[in-house]
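These notes are about the structure you will find just below.
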Amino acid sequence: MKKVTLWISLVTAILIGGCNKNTSPKTFSNMDVKTTYSTAANYPAGTGYAIVNLPSAVDPDSEEARIEQRIQTALANELTSKGYKPVNAAEAQFYVAWSLQVKQDIDVLAGMSDEPGNEWIAVILTPEEYVGGALMVQIMDARKKMPVWLGVFNANVELTDVGEQEKKERIAFAMRELLKSFPPK
């Protein structure tokens with residue numbers, strides 16, 4: 001009976017408490033965050049911001065468009081959780097721009113036959129099982145039009161088939177890690 005009670009308590013704690021949102025996704029490795037900022041930057045809670053990325057040229061139904069939407073949502077959620085409010089660009093005290101860069105390495109394997117008169121060369125290209133990515137966020141003073149904060153989150157992301165919820169959680173985790181030091185103290 002004690003085991004059943006303990007099991008029910010554990011399951012209840014997990015369901016009520018949820019997963020730790022600060023735990024890194026299992027599909028991330030080699031994570032690194034770098035930030036730099038102006039010591040003059042001062043953005044108290046309640047300050048208005050505007051995300052000012054250029055309009056995307058990707059097909060709105062593509063995976064690239066969904067990635068952009070996940071990033072925009074995670075960025076807005078993280079800034080809102082810090083007490084900032086989204087406003088239109090004309091009212092913003094700071095602008096926020098972001099960029100995502102991804103690369104995948106490919107190993108080249110080559111072989112050659114040793115048979116005289118039957119020479120051949122075989123080449124096999126094998127992509128790595130992960131992509132390297134960098135998510136960059138830049139904060140600019142809207143009045144001075146000057147950059148005041150820059151952060152870059154680098155990680156390798158394992159190429160596994162994951163659902164939409166996992167994709168959202170990965171972006172949200174990266175954004176939390178990236179914006180930990182914003183605003184500068």
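The values are calculated or read from the model by the stated rules, or taken from the named source; none is laboratory data. Please read all numbers here as calculations on a predicted model, not as lab measurements. Glycine gets a Cβ as well: all are built from the backbone with ideal geometry, and neighbour counts include every protein chain shown.
Identify, please: which residue in region 38-66 is surrounded by 16 or more Cβ atoms within 10 Å (Cβ to Cβ) and within 20 Å of the chain's Cα centre (by Cα) and is, among those, nearest to GLY133 (Cα to Cα)? Across region 38-66, the extreme among qualifying residues is ILE51. Applying the condition of being touching a strand residue (DSSP E or B) at 6+ places or on another chain (Cβ under 6 Å) and either of a type in the set (Phe, Trp, Tyr) or at pLDDT 85 or above (or both) to region 157-185 and asking which residue is nearest to ILE67 (Cα to Cα) yields ALA174. Residues in region 47-88 that are hydroxyl-bearing (Ser, Thr, Tyr) and not in a helix (DSSP H, G or I) were compared, and the one that is nearest to GLU164 (Cα to Cα) is SER62. Comparison of VAL157, VAL152, VAL162, VAL137 shows that the only residue that is surrounded by 17 or more Cβ atoms within 10 Å (Cβ to Cβ), of a type outside the set (Lys, Arg) and farther than 16 Å from GLU78 by Cβ is VAL157.
Only one of the numbered conditions (1) in contact with a Leu (Cβ under 9 Å, 6 or more places away or on another chain); (2) closer than 14 Å to MET175 by Cβ is not met by LYS85, and that is (2). LEU79 meets the stated requirement of being at pLDDT 95 or above and surrounded by 14 or more Cβ atoms within 10 Å (Cβ to Cβ). Kindly establish whether THR35 is at pLDDT 75 or above, closer than 30 Å to SER181 by Cβ and not in a strand (DSSP E or B). Spelling it out, it is not the case that THR35 is at pLDDT 75 or above, closer than 30 Å to SER181 by Cβ and not in a strand (DSSP E or B). Can we say ALA40 is among the hydrophobic types (A, V, I, L, M, F, W, C), farther than 24 Å from ALA174 by Cβ and assigned to a loop (DSSP other than H, G, I, E, B)? Criteria met by ALA40. Checked against the criterion of being surrounded by 10 or more Cβ atoms within 10 Å (Cβ to Cβ), closer than 30 Å to GLY46 by Cβ, in contact (Cβ under 8 Å) with a residue 60 or more places away in the chain and not acidic (Asp, Glu), region 97-106 contains not a single residue that satisfies it. When residues in region 165-185 are screened for being buried (at least 20 other Cβ atoms within 10 Å of the Cβ) and under 14 Å from LEU100 (Cβ atoms), 5 of them pass. When region 129-185 is filtered for residues that are in a helix (DSSP H, G or I) and small (Gly, Ala, Ser), the ones remaining, listed by number, are ALA172, ALA174, SER181.
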